[in-house]
Amino acid sequence: MASIYDRFMAETERACLADWRAELLSAASGAVLDLGAGTGANVPHMPKAVTRLVLCEPDPHMRRRLAARAGEAEVADASAEQLPFDDESFDFVCCMLVLCTVSDPERALAEVHRVMKPGGKLLFIEHVAARQRPRRFLLQRWCEPVWKHLAENCHLTRDSEEAIEKAGFEFEVLKRESMRKALPIIRTSVRGIARRATSDA
């Protein structure tokens, strides 16, 4: 997957993803954790206000490509479900096309919540279940068992918006939009900014 990922996503990056990344990441500052950083697509969009950048990627093949783009950023070998960072370490966490592949989204988001400072923010882009489009949702369900094996455990029918909210985050920005030039089964997407709930501050 690492060897073809950038080529596979290139048209979608040009059509919309690069702009979406840039828009969301413009809000980032201070200490930032890029969760599931992949081959480093977020790195060029990090603003100067970011004073510490940690790129977390458990896949060794992705991590080799990531290291070439990392610059002065830290590169960490860790899964989303078990982050090797102290509580309340980060002002922002980026989670872009990650929750579809983690083995336990609830645990991963609990870890994000733990390492985020009170009032910290989650910047996210995720493809999700197309429940408002029954035919596409049926196609997702039909394809998912095979797709998971082909695409590194990528699930097509997860409801990441609901999972983020249940994990103790409040949405400040939430947009639903078709991910242009992507395959139909991964085209339905949500993106936005979610703040760690004030009750935990």
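Could I have the simple spin-label model distance between Q82 and K48, label points 7 Å from Cα toward Cβ, reported in nm to one decimal?
4.1
Write down the percent of antiparallel bridges among all DSSP beta bridges whose residues are both part of the chain, to the nearest 5. Working shown, then result.
Details: 16 of 35 bridges.
If I count the DSSP bridges inside the chain, around 45 percent turn out antiparallel.
Could you give me the ³J(HN,Hα) list for segment 11-28, computed from phi with Karplus coefficients 6.51, -1.76, 1.60 and θ = phi - 60°, whole Hz, x at Gly and Pro?
Result, ordered by residue: 5, 5, 4, 5, 6, 7, 4, 4, 5, 5, 4, 4, 4, 5, 6, 4, 7, 6 Hz.
Using packing as a proxy for protection, rank 94-101, 117-124 so that the peptide with the highest average count of other Cβ atoms within 10 Å comes first. Before the final figure, lay out the partial values.
Details: 94-101: 23.1, 117-124: 21.0.
In decreasing order of mean packing, 94-101, 117-124 become 94-101, 117-124.
Distance between Cα centroids, segment 93-126 to segment 137-194: provide it in whole Å.
14
Can you give the extra length, in nm with one decimal, that the chain gains between E144 and K166 once fully stretched, where that is 0.36 nm per residue apart less the Cα-Cα distance?
On the way: separation 22, 0.36 × 22 = 7.92 nm, distance 2.39 nm.
So the extension gain works out to 5.5 nm.
Quick check for the chain: number of Lys pairs with alpha-carbon distance under 30 Å, counting only pairs 8 or more apart or on different chains?
13
For segment 80-86, what does the Karplus curve 6.51 cos²θ - 1.76 cosθ + 1.60, with θ = phi - 60°, yield as ³J(HN,Hα) per residue in whole Hz, taken in order and with x for Gly and Pro?
The phi angles translate into 5, 7, 8, 7, x, 10, 5 Hz.
What list do you get for I193, I125 if you sort them by fewest beta carbons within 10 Å?
Details: I193 20, I125 25.
Ranked by crowding around the Cβ, least crowded first: I193, I125.
Under a point spin-label approximation (7 Å from Cα along Cα-to-Cβ), what is the E74-S26 distance to one decimal in nm?
My value for the distance between the label points is 2.9 nm.
Based on the Cα atoms of segment 5-200, what semi-axes does the equivalent ellipsoid have, where each is the square root of 5 times one gyration tensor eigenvalue, given in whole Å with the largest first? Provide the component values of the computation, followed by the final result.
Values: eigenvalues 121, 73, 52 Å².
Rounded to whole Å, the semi-axes are 25, 19, 16.
Helix-only estimate, please: 222 nm mean residue ellipticity of the chain, summing -39500 (n - 2.57) across DSSP H runs of length 4 or more and dividing by its residues, to the nearest 500. Walk me through the numbers before you get to the answer.
Numbers: 6 runs with 61 residues, N = 201.
Helix-only estimate at 222 nm: -9000 deg cm²/dmol.
Report, in debye and to the nearest 20, how large the dipole of the chain comes out about its Cα centre when Lys and Arg carry +1 and Asp and Glu carry -1 on their Cβ. Intermediate results must be reported in sequence, preceding the final value.
Details: 29 positive and 30 negative charges, 192 e Å.
The dipole magnitude comes to about 920 debye.
Bear in mind that the values in this text are calculations on the coordinates, not laboratory data. What you see is a predicted model, and the numbers here were worked out from it, not measured in a lab. Neighbour counts are summed over all protein chains in view; Cβ atoms, including those assigned to glycine, are modelled from backbone coordinates with ideal geometry.
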